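First the structure, in the form of structure tokens, and then the observations on it.
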Amino acid sequence: MPKKSNELGKAGSASVLLTARADRKIRTSALASLHTFLSSRQISSSLTTLDILKLWKGLYFALWMCDRAIPQQTLCAELADLINVLPRHTVVPWLRGFWATMSREWTSIDVLRMEKFLLLVRRVVASGFKWMKKGEEGKKKKSGKETAWDMQRVDNILDLLNEWPFALEDEARVEQGTEKEELVPQTIPVGLRLHVLDIWVDEAEKVGLLEADDVEASKILQRIIDQVDALEQATTRPAVRIRSKDSLEDERLPGNRKPAEQENQGVENGGNGDWDGFDD
């Protein structure tokens, strides 16, 4: 058997071991094996679309089998952070495999398990936004100022959003030549779109994209806003149109923020609804 197939088999076994419920030792050991596998440039460079879809299928069922809140939260964070051990050129195919897997499996997730998969999507969106930023040692001077954003990574993440949750068409776009049809999603589920529309402003704020004094961040934010606006205009799904509109009206976004005087006016006029007790 070829060496690559052996290595991929080991990684698949590590993924299966991640299903070890609340057993932290086994999960940690399995995750370490997966880290070693994915961080190898030689191996990760040879992963095909089908290989990545198989790995994500294993990781999906790892979370499916994971019980209890704390282990679930930990596993979601660990899976989302896998992009930080991948060679840079492998991150986009890896995240594309994640979105394809979520699109394929979304409608089969029962109500009792949905919450942990909602959390996984949130963590992956957050991890992608963080990946767009440079490390302290990676900041470069631009026009005499430091920029915290890697624009190539920004393009990569925004392209993935445009390809999956913010795609204008319902049909999923997957690389041709993926033989296993059962691993390839046909459409992007409405529920997955709605969830990303619900959370993207939260995660953008956490990573600093809403900082008004960061010119580069403001430009990136505007690009995401434009994507959501295009989705609102193009979608034929009423729920997606409504949620897109709600997302764009978030008070934290530029143009929606109330002036400080208006925010204080409600308090001065007793508009906050709080009772301060009797006057002395």
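With a 10 Å radius around each residue's Cβ, average the other Cβ atoms per peptide and rank 27-36, 96-105, highest first.
Values: 27-36: 17.8, 96-105: 22.7.
Averaged packing, sorted descending, gives the order 96-105, 27-36.
Taking the Cβ-Cβ separation of residue 236 and residue 205 as r and a Förster radius of 30 Å, what is the calculated FRET efficiency to the nearest 0.05? Mind showing how you got there, number by number?
Numbers: r = 30 Å, r/R0 = 1.00.
According to the calculation, E is roughly 0.50.
By what distance, in whole Å, do the Cα atoms of segment 37-107 stretch along each of the three principal axes, largest value first?
Principal extents (Cα only, largest first): 36, 24, 15 Å.
Sort 51-60, 118-127 by the packing proxy (mean of other Cβ within 10 Å over each peptide's residues), most packed first.
Per-residue mean Cβ counts within 10 Å order the peptides as 51-60, 118-127.
Describe numerically, in nm with one decimal, the distance between label points set 7 Å from Cα along Cα→Cβ at residue 198 and at residue 40.
Going by the 7 Å Cα→Cβ label model, 4.0 nm.
Laboratory data are not the source of any read-out in this text; all were calculated from the coordinates shown. The shown structure was predicted, so the numbers you read here are calculated from the model rather than taken from an experiment. Methodologically, a virtual Cβ is constructed for each residue, glycine included, from the backbone with ideal geometry; neighbour enumeration extends over all protein chains shown.
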